[in-house]
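Values quoted throughout were computed directly from the atomic coordinates according to the rules given, and no laboratory measurement underlies them. Everything numeric here is computed off the predicted structure, so don't read it as measured data. Cβ placement follows ideal geometry from the backbone for every residue including glycine, while neighbour counts extend to all protein chains displayed.
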Amino acid sequence: MAANTTKTSPNRNGKSSATPRHKPSGSRTQQKSSDNEYLLLSQRLKAEFDNYKKRTSIEMESKFNDGKAYAILKIIPVLDSIVQAKRVVTDENSARGIDMIYDNMEKILRDLGVEKIDCVGKEFDPNYHNAVMAEDSTDGRENIILEELQAGYILDGRVLRHSVVKVSR
């Protein structure tokens, strides 16, 4: 008896084509075992691919956030220059124009998720503040921020720049 037989059947075009038919080699348990191996392999490959997609998604988000933080760090010195200009301008119309520019810049940063560190009157925290000056306390409280010399900023819980402050001792 031959191991292979040929069966002819019409295909979609109506023409006959020969398709080989194989007799089962081995028992049904061997076939089930082979099917289970392929099933397990396909499940593992699917799980690996799902993990790959999750990992690359996290990596892409991290790279995006790093780029966003980098761009914002380049913008913050411009905001500092606007603050300095506000301090020295005496003309009322110019001061109003500078205020408008400053407000627009702050709005843009807020829209990007940037928060200004609120510090005056709060206790000094080295995670958010950089003390460059100290002054004797008049009310007896120590490590209280008396003055903000340069604003600090946070993006998504991450400090972009520490507030430069004067503290009480």
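Quick notes
- Radius 14 Å from Cβ of residue 59, net charge of other residues (Lys, Arg +1; Asp, Glu -1): +2
- Inverse mean reciprocal Cα-Cα distance (Kirkwood Rh) of segment 27-112, Å: 18.0
- Note that segment 84-93 has calculated 3J(HN,Hα) couplings of 5, 5, 4, 6, 9, 6, 10, 5, 5, 5 Hz, one per residue in order, obtained from phi through the Karplus relation 6.51 cos²θ - 1.76 cosθ + 1.60 (θ = phi - 60°); glycine and proline are x.
- Long-range HN-HN contacts of residue 137 with modeled amide H, under 5 Å: 169
- Considering only segment 116-169, percent of DSSP beta bridges that pair antiparallel, nearest 5: 60
- ³J(HN,Hα), Karplus 6.51/-1.76/1.60, whole Hz, each residue of segment 126-135, x for Gly, Pro: x, 6, 10, 10, 10, 7, 10, 9, 9, 9
- For residue 43, the shell of other residues with beta-carbons less than 14 Å away shows a net charge of -2, using +1 for Lys and Arg and -1 for Asp and Glu.
- The H on the amide N of residue 131, modeled in the peptide plane, is under 5 Å from the matching H of 165, each at least 5 residues off or on a different chain.
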